[in-house]
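Contents: one structure, followed by commentary.
The values are calculated or read from the model by the stated rules, or taken from the named source; none is laboratory data. As the structure is a prediction and not an experimental result, all values here were calculated from the model. Glycine also receives a Cβ, built like all others from the backbone with ideal geometry; neighbour counts cover every protein chain displayed. The area values use the complete protein model at the heavy-atom level, side chains included, leaving out ligands, DNA and RNA. Shrake-Rupley method; radii C 1.70, N 1.55, O 1.52, S 1.80 Å.
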Amino acid sequence: MHTLKHIITAALLLCTATAFAYDFEVNGIYYNIISDSEVEVTSGDNKYVGDIVIPEQVTHEGITYNVVAIRFYAFDVCKKLTSITLPESITEIGDGAFGSCYELTSINIPENVSRIGGGAFGYCMKLTSVTMPANISYIGGGAFDRTPFYENLPDGIVYFNKVLYSYKGEMPENTSISIKDGTVSISPNAFRYCSNLIAVNIPNTVKTIGKEAFCGCTGLKSVEIPNGVTIIEQEVFGSCSSLKTITIPESVTSLKGYAMINCSALEHIYNHAKTPAYCSEGVFENVPAETCVLHVPAGHIEAYQAADGWKDFANIVGDQAGIEDITTADAPAEYFDMRGMKVTDPTNGIFIKKQGNTTEKVLL
């Protein structure tokens, strides 16, 4: 049912992409007013062709506006667009903004752009050069699909500055990944269907994990979501059929639809939030709620027993297990799982290593 909903939603979005109106037009460029002082570039009566230069400011009816965004699908299928110059005032490029601009060969994305939407430059068949801003914090899934720019990149993890955009190529068997520190977001679909991924270490610098980022990672056994992530997106861990444990930080306030659908092997959920996060439809669909143990902060069991989504778990326990409970010792090294339980033979996962007075998280 949820798949059908996705199809219908996508169809409606495509329909509206060509149906919305513009507020005014100046020198062949169409704009929507989004505030008293700001506008976004949008589509209009005619397709954009040739070399287009977007100004930093535009004046209409005596009011001067700053041009701050490219609206979703604004230049979609502008097959005769040969170049686009964006002003430094731009901060966002919307979904599909330049999709299927077949003649576009290069793009210089201004330094103030922090967000690039999904499919923004997808199917730009001649796009070979992209200048990426240093402070980009979000890139949507498929933003550069079917472009020479992306296809010419080496296989493996693709980073665009602080964004982990995707895993490119065939992943080797029994792959463990430690995402580099300083990464702020993981793009939607980044590791989708990477069935050979068995372990991933996500640093605390990551604040956003896009929808379906780990969907279909059937070899993944455990995940610790970093503190600072506030939303667990749609199907982000969907069909991770070997996932046994997941740790949810206190920063998470919402779980989107089907976030953990078909995680049929789940045995333990470690939730550190005292207030239950809001659960959308089907978050735990086909999760074994009768046997999976939901660990919550001591003294907050009743809140989870009354909360939608969480109350379906038969075993809700209050505990405070964690690294604080581990006693330091002089060498040799000791290993503990993310619950603070000692492990005698740690393999293929994320563990807490204690050696002397040193404590660190390691990926084995």
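Which members of the stretch 119-144 meet the condition of being under 15 Å from VAL77 (Cα atoms) and open to solvent by 10 Å² or more (accessible area, probe 1.4 Å)? GLY119, TYR123, MET125, LYS126, listed by residue number. Residues that are open to solvent by 50 Å² or more (accessible area, probe 1.4 Å) and under 27 Å from TYR102 (Cβ atoms) number at least 2 in the following strands (runs of 3 or more DSSP E) confined to the stretch 38-82: 50-53.
Condition first: of a type outside the set (Phe, Trp, Tyr), closer than 18 Å to VAL223 by Cα and assigned to a loop (DSSP other than H, G, I, E, B). Now tell me which residues in the stretch 254-276 satisfy that. Across the stretch 254-276, the qualifying residues are LYS256, ALA259, MET260, ILE261, ASN262, CYS263, SER264, ALA265, LEU266, GLU267, HIS272, ALA273.
Quickly run through the stretch 271-281 and pick out the residues that are crowded, with 20+ Cβ neighbours inside 10 Å and either touching a His at 6+ places or on another chain (Cβ under 9 Å) or under 13 Å from CYS240 (Cβ atoms) (or both).
Initial filter on the stretch 271-281 (crowded, with 20+ Cβ neighbours inside 10 Å): 271, 276-277, 279.
Matches in the stretch 271-281: ASN271, PRO276.
For LEU243, the conditions (1) in a loop (DSSP other than H, G, I, E, B); (2) aliphatic (A, V, I, L, M); (3) under 26 Å from GLU151 (Cα atoms) all hold with the exception of (3). Of all the residues in the stretch 145-174, those that are out of contact with any Ser or Thr (no Cβ under 6 Å at 6 or more places or on another chain) and free of Cβ contacts under 8 Å to residues at least 24 places away in the same chain number 11.
Kindly indicate which of ILE136, ILE177 is part of a strand (DSSP E or B), β-branched (Val, Ile, Thr) and out of contact with any helix residue (DSSP H, G or I) (no Cβ under 9 Å at 6 or more places or on another chain).
Details: ILE136 fails: part of a strand (DSSP E or B).
Going through ILE136, ILE177 in turn, the sole match is ILE177.
Would you call LEU164 more than 15 Å from SER187 (Cβ to Cβ) and open to solvent by less than 10 Å² (accessible area, probe 1.4 Å)? No, not satisfied. In the stretch 102-116, the qualifying residues are those that are touching a Phe, Trp or Tyr at 6+ places or on another chain (Cβ under 9 Å) and open to solvent by less than 10 Å² (accessible area, probe 1.4 Å), and the one that is nearest to PRO148 (Cα to Cα) is LEU104.
Selection of the stretch 214-236 for residues being in contact with a strand residue (DSSP E or B) (Cβ under 7 Å, 6 or more places away or on another chain), assigned to a loop (DSSP other than H, G, I, E, B) and under 21 Å from HIS268 (Cβ atoms) yields CYS217, GLY219, LEU220, LYS221, ILE225, VAL236.
Looking only at the stretch 181-199, which residues are among the hydrophobic types (A, V, I, L, M, F, W, C) and within 15 Å of the chain's Cα centre (by Cα)? Within the stretch 181-199, VAL184, ILE186, ALA190, PHE191 qualify.
A residue that is assigned to a loop (DSSP other than H, G, I, E, B), crowded, with 17+ Cβ neighbours inside 10 Å, at pLDDT 70 or above and in contact with a helix residue (DSSP H, G or I) (Cβ under 6 Å, 6 or more places away or on another chain) occurs somewhere in the stretch 287-302.
Just to be sure, is LYS211 over 12 Å from the mean Cα position of the chain (by Cα), open to solvent by 30 Å² or more (accessible area, probe 1.4 Å), of a type in the set (D, E, K, R) and under 25 Å from ILE136 (Cβ atoms)? No, not satisfied. For the stretch 145-158, filtering for residues that are open to solvent by less than 60 Å² (accessible area, probe 1.4 Å), in contact with a strand residue (DSSP E or B) (Cβ under 7 Å, 6 or more places away or on another chain) and at negative phi leaves 4. Here is a list: TYR159, TYR150, TYR102. Which entry is in a strand (DSSP E or B) and farther than 26 Å from SER241 by Cα? Among TYR159, TYR150, TYR102, only TYR159 is in a strand (DSSP E or B) and farther than 26 Å from SER241 by Cα.
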